[in-house]
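See structure below.
The values are calculated or read from the model by the stated rules, or taken from the named source; none is laboratory data. This is a predicted model, so every value here is computed, not measured. Please note: Cβ atoms are built from the backbone with ideal geometry, for glycine as well, and neighbour counts cover all protein chains shown.
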Amino acid sequence: MKIAILSRNKNLYSTKRLVEAAKERSHEVRVLDPLRCYMNITSNRPRIHYRGEELGHFDAVIPRIGASVTFYGTAVLRQFEMMETFPLNESVAISRSRDKLRSLQLLARKGIGLPVTGFAHSPDDVQDLISIVGGAPLVVKLLEGTQGIGVVLAETHKAAESVIEAFMGLKANIMTQEFIKEAGGADIRCLVIGDKVVAAMKRQGKEGEFRSNLHRGGSATVIRITPEERAAAVRAAKTMGLNVAGVDLLRSNHGPVVMEVNSSPGLEGIEGATGKDIAGTIIQFIEKNAAKSSTRTRGQG
């Protein structure tokens with residue numbers, strides 16, 4: 001098979017591992033910077049050019065599109081879909097998961113466990129917004145934040161007021177969420193491929209840090225998840241329409257709650273913690289599922 005990987009940096013761990021796994025299985029693989037791809041959008045023969053060259057047909061494309069380039073990256077991916085290339089994750093699903101508010105609304109509609117979440121536009125509604133999520137302590141999140149950036153724990157009512165008003169003053173889109181104290185600064189990253197959780201790890205925030213992101217100095221250990229947690233992770237990925245997803249869960253007093261569904265999960269932490277060949281499993285999934293015209297949305301939406 002001929003496989004394209006959309007990645008800004010071919011030296012990133014996840015990109016390198018996917019290239020290695022594809023070559024080990026005798027596939028031809030090429031890493032393409034999505035920002036250097038440009039498109040000829042026509043009805044009869046949609047094409048993609050790259051650094052002055054017209055790209056030929058690829059059997060499959062693996063999008064490793066960073067949050068900062070979601071708009072252009074998904075446009076490039078849609079063009080591949082129009083050219084009948086099988087996408088590991090579809091453009092519509094990636095856009096859906098990157099919109100934090102929309103993704104939570106979709107998960108809520110499917111009855112998937114979530115932390116109580118509030119969203120408002122007017123500063124006049126701050127008091128009610130705080131009470132909606134059960135009061136302080138509470139978490140305030142920037143909708144555009146990634147890797148724990150733009151996430152604040154407000155431990156008192158006054159602090160919550162100040163943080164929310166400050167963000168609103170900057171015209172930033174934010175949401176408030178209940179603070180799951182019993183999680184103890186830890187979450188669970190479930191790596192879903194197809195309809196299975198193929199690996200899971202517990203991410204523990206460093207001392208005094210409620211955010212468990214590895215980029216923020218958290219640590220990762222292998223963990224055995226419950227059938228309820230496994231089902232929640234698979235349902236969350238399916239609701240987003242993602243074939244491959246990193247689903248972040250918290251263990252609350254009322255069962256597992258989904259914090260986020262990541263369409264481009266990093267492989268370094270979970271491969272290191274579990275010792276599993278996640279990249280190889282992804283390539284195997286593509287081998288089994290890649291087929292001409294198999295994209296459900298065909299670049300729509």
(request) Go through segment 174-198 and give me each residue that's in contact with an Asp or Glu (Cβ under 8 Å, 6 or more places away or on another chain) and in contact (Cβ under 8 Å) with a residue 60 or more places away in the chain. (result) Asp187, Ile188, Arg189
(message) touching a Lys or Arg at 6+ places or on another chain (Cβ under 7 Å), among the basic types (Lys, Arg) and not assigned by TED's automatic domain parsing to the domain that holds Val192: is that true of Arg64 in this structure?
(response) no
(request) With the checklist (1) over 16 Å from the mean Cα position of the chain (by Cα); (2) over 20 Å from Val19 (Cβ atoms) in hand, flag the one item Asp277 doesn't pass. (result) (2)
(message) As an exercise: evaluate Thr42 against (1) in a loop (DSSP other than H, G, I, E, B); (2) under 24 Å from Gln284 (Cα atoms) and give the number of the one condition it does not meet.
(response) (2)
(request) State which residue is farthest from Ile282 (Cα to Cα) when the search covers only segment 45-83 and only residues that are of a type in the set (Asp, Glu), touching a strand residue (DSSP E or B) at 6+ places or on another chain (Cβ under 9 Å) and not in a helix (DSSP H, G or I). (result) Glu54
(request) For segment 14-39, name all the residues that are in a helix (DSSP H, G or I), within 21 Å of the chain's Cα centre (by Cα) and either surrounded by 15 or more Cβ atoms within 10 Å (Cβ to Cβ) or small (Gly, Ala, Ser) (or both). (result) Ser14, Thr15, Lys16, Arg17, Leu18, Val19, Pro34
(request) Please find, within segment 59-81, the residue that is farthest from the chain's Cα centre (by Cα) out of those that are surrounded by fewer than 24 Cβ atoms within 10 Å (Cβ to Cβ) and among the aromatic types (Phe, Trp, Tyr). (result) Tyr72
